[in-house]
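Chemist: Pasting a structure below so you can have a look.
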Amino acid sequence: MISKPLFLLPLLVLSLCACTSLKESAPMKPSQTAQKFSRERPQVLAADYLLFLPQGYATNSTKRWPLILFLHGAGERGTDIWLVAKHGPPKVDTTKTNFPFIVVSPQCPAGKIWSNDLLLALLDEIETKYAVDPQRVYLTGLSMGGFGTWSLGLSHPEKFAAIAPICGGGDFITPLLADKAKLTTLPIWAFHGAKDPTVPLAESERMVNHMKQLGVQEMKFTIYPEAQHDCWTQTYAQPELFDWFLQHSR
């Protein structure tokens, strides 16, 4: 038997290790195959909504009017459309004959959340049927509607002249996937109560900070120090928000 010199043993060990490593890292045949799936499903997009037409709408056939799309909270879901008038612009405009907006307030079905597909289809319908100024379409909502406002507004910033989410929140991926030029030129005014036990203030704070990081040019944020979840009553009761809307066009 021929013995190997001791100084060759380390080289032999390294060689064996290298062969084992190469064998283990060799490509394996894939255990899955690429497939495709396709199925057509009929989809009906439908919603009940409240409609407010401003004074003078019927007598001026050439004027195009600004539009507010209002999204209610979870408590107003269902089939009783008049629940939608409990809060927000549907409640405010009934006491102001000179309220200068068309207001569309859809109702979300019980057990559901706001659907961007439904809201976009509704907007298309309203802009076709009524004398809407497409450059002055505004979006606002409270609580669940605040989440809906962040979602729809950031997914389709080109649709809106300004948005105002109230005590809501959102995700980070939606604005990252949006058209940056259109997103950064979308004016946003967020509102939240500092003592909100239902939707924590941090939900709005993280969205506001994210918008600033993405370069949104006009990002306003109002915090009510003593307000709890209902910070929308004082927001919609004052004319500042509606005046701010009218300062912006797309």
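The values are calculated or read from the model by the stated rules, or taken from the named source; none is laboratory data. From a predicted model like this one, the values you see are computed outputs, not experimental measurements. Cβ placement follows ideal geometry from the backbone for every residue including glycine, while neighbour counts extend to all protein chains displayed.
Chemist: Quick one: which helices (runs of 4 or more DSSP H) sit completely within segment 127-190 and have at least 3 residues that are within 12 Å of the chain's Cα centre (by Cα) and either of a type in the set (Gly, Ala, Ser) or modelled with pLDDT of 95 or more (or both)?
Modeler: Hits in segment 127-190: 144-155.
Chemist: Then there's this: Filter segment 53-88 for residues that are more than 20 Å from Lys159 (Cβ to Cβ) and in contact with a helix residue (DSSP H, G or I) (Cβ under 7 Å, 6 or more places away or on another chain); which is surrounded by the fewest Cβ atoms within 10 Å (Cβ to Cβ)?
Modeler: Looking at the filtered set, the residue picked out is Lys86.
Chemist: OK, next. Hey, can you tell me all the residues within segment 194-250 that are modelled with pLDDT under 95 and assigned to a loop (DSSP other than H, G, I, E, B)?
Modeler: Gln238, Pro239, Arg250
Chemist: If you don't mind, there's one more thing I want to ask. Pairs under 9 Å by beta carbon, first residue among the charged types (D, E, K, R) in segment 109-121, partner modelled with pLDDT of 95 or more and outside any helix (DSSP H, G or I), six or more apart or different chains?
Modeler: The qualifying pairs are Lys112/Arg77.
Chemist: Look through segment 208-250, keep the residues that are of a type in the set (Val, Ile, Thr) and more than 18 Å from the chain's Cα centre (by Cα), and return whichever of them is surrounded by the most Cβ atoms within 10 Å (Cβ to Cβ).
Modeler: Thr235
Chemist: For Thr198, indicate whether it is under 16 Å from Gly148 (Cβ atoms) and surrounded by fewer than 16 Cβ atoms within 10 Å (Cβ to Cβ).
Modeler: Yes: the conditions hold for Thr198.
Chemist: Would it be correct to say that Glu203 is surrounded by 18 or more Cβ atoms within 10 Å (Cβ to Cβ), more than 16 Å from Phe70 (Cα to Cα), among the charged types (D, E, K, R) and free of Cβ contacts under 8 Å to residues at least 40 places away in the same chain?
Modeler: Answer is yes for this residue.
Chemist: Consider segment 103-134. How many of its residues are over 18 Å from Thr149 (Cβ atoms) and surrounded by 13 or more Cβ atoms within 10 Å (Cβ to Cβ)?
Modeler: 8
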